[in-house]
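A quick write-up on the structure given underneath.
Values in this text are rule-based calculations from the coordinates and carry no lab data. Just so you know, these numbers come straight off a predicted model, no measurement behind them. Reconstructed Cβ throughout: ideal geometry from the backbone, glycine too, with neighbour counts over all protein chains shown.
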Amino acid sequence: MEQGVGVQQGKDPAQQGRGQAGAAAQALCRFDAAAAHYRAGLARRPGDADAALGLGACLQELGEVDAALTVYRSLLGADRRLYAAVVKSLTSASHGRLWLSPAALRRALLG
């Protein structure tokens, strides 16, 4: 059976749709709506790294940096290989944080 347009083989179409809706709302700076889409995705699939990164970025843009850090720490607890992606998201948002010490950043994220 053929996959529909925009549906990646092996991916849950509903989950992919939530991710796309979150990314679209985020691109339009509708961070509340985007966060809601990402949360819905995470409720269905807690290990979705893309949804967690998107949620963290939206929380930062909403000024909820501590909540974003909690999301990022949880994500890194599941897969430390995502450290670079988390650091990029954390430091590039307009409400991000910039650490001058890589060691302090690592402690903040990994404990």
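Here are a few things to note about the model shown:
- Here the scattering of the chain is modelled by Debye summation over its C-alpha atoms, one equal scatterer each and no solvent; at q = 0.14, 0.20 Å⁻¹ the log10 of I(q)/I(0) is -0.56, -1.01.
- Total formal charge among the other residues, if their Cβ is under 13 angstrom from that of ARG106, Lys/Arg +1 and Asp/Glu -1: +3
- Ranking GLN15, CYS58, LEU82 by Cα position along the charge dipole of the chain, where only Lys, Arg, Asp and Glu carry charges on their C-beta atoms, puts LEU82 farthest toward the positive end.
- Rounded to the nearest 10 degrees, the angle from helix 49-61 to the longest Cα principal axis of the chain is 60 degrees.
- Computed over neighbours whose Cβ is under 12 Å from that of TYR83, the net charge equals +4, Lys and Arg +1, Asp and Glu -1.
- Magnitude of the charge dipole for the chain, about its Cα centre and with charges confined to Cβ atoms of Lys, Arg (+1) and Asp, Glu (-1), is about 340 debye.
- Relative to the longest principal axis of the Cα atoms of the chain, the long axis of helix 31-44 lies at roughly 70 degrees.
- For the pair ALA67 and ARG106, label points projected 7 Å from Cα toward Cβ lie 3.1 nm apart.
- Additional length obtainable on full extension of the chain from ARG80 to SER94, 0.36 nm per residue less Cα span: 2.6 nm
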